[in-house]
Amino acid sequence: MRNISLAVAAMAVMAVTLTIVLFSIIANATFENTIQDITSKISVSVYLVDEATDQQGKELAAKIAKQPDVKKVVYLNKAQALKAFGEQNPENQGLINATTIAGNPIPATIQVYPNSLNDIPAIKNYLTKTEIHKLQRPESPSYQSKRKEAIDNITHATNVLRKIGIISVVVFAVTCVLTIFNTIQMAIFNRRDEIQIMRLLGASTGYIRGPFVVEAAIYGLLSGIFSILIVNSAFLASSGALQATSLGLLDINYANDYFSSHFIQLLLFQIGIGILIGTVSSVIATRRYLKFKTK
């Protein structure tokens, strides 16, 4: 309380640093979830010729499923493929009726789901082999490139955000350390008479330095709590007053759910990081500004 202005400044800078760290963690988890969600819906479609029997189609699907790059395989005969086509185009009833009248031109389809996006080229190379491709139509295989483009965009945004977050954290962390240095230095200066008396009465170096370390640790504790309250207020504002469900590529609903479900872990993490920064900075500061001559 003797250096209330410096204490507030130190906690404000530390709270901003921890808020950036927390936001980066939540945003990264949200982007990863979005990428996984879109990836799970991407499949390489194998269109079979009309002459292929169900038995041949199932055997081909079983052979494809054994590949290491394949997560799962779904085989749809002509009737199932037509039904799936109708479910995917519910708004175009005229087209659905036309396909029914035409005698079901939709081919039997094998949907191949990769383990990851990086496995798609290997899967396509396997499907174009002569012994595998002989039962396929000329336009087979194919996959939805628009979803891949969406994932590429999200991945790029995640990498950019991660770099910005790291740079911001480093800048504010350095500022935070310097601020705590100045705060501890001023505290030592203001208490120099007390420190001298404690030293004359036989107090050890650790006993004298201890309160300054505890003071900085309290800065970290309060800053960690403040950062959680700031992020929580931001989510309340976005979901309440703004009625927002997304912010660009950031899914606000998932981010809010992630924050709520991991609240205790994030709170403990923020407090731990805050105390660590404060304690380490204070230990270094006291070793530099609070030196005693020893016999």
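The values are calculated or read from the model by the stated rules, or taken from the named source; none is laboratory data. These numbers were taken from a predicted model, which means no experiment stands behind them. For neighbour counting, all protein chains shown are included, and Cβ atoms are generated from backbone atoms with ideal geometry for every residue, glycine included.
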Original post:
If you go through segment 29-57, how many residues are farther than 18 Å from LEU117 by Cβ and under 17 Å from the mean Cα position of the chain (by Cα)?
Top reply: 2
**OP:** Name every residue in segment 162-220 that is surrounded by 15 or more Cβ atoms within 10 Å (Cβ to Cβ), under 17 Å from LYS291 (Cβ atoms) and of a type in the set (D, E, K, R), in order of residue number.
**Re:** ARG191, ARG199, ARG209
Original post:
Out of curiosity, is GLU194 acidic (Asp, Glu) and either touching a helix residue (DSSP H, G or I) at 6+ places or on another chain (Cβ under 6 Å) or touching a residue at least 60 places away in the same chain (Cβ under 8 Å) (or both)?
Top reply: no
Subject >> Pair list, Cβ under 9 Å, 6 or more apart: segment 165-185 residue under 24 Å from GLU215 (Cβ atoms) and in the same structural domain as GLY274 (by TED's automatic domain parsing), other residue among the aliphatic types (A, V, I, L, M) and modelled with pLDDT under 80 >> reply: THR179/LEU6; ASN182/LEU6; THR183/LEU6; ILE184/LEU290
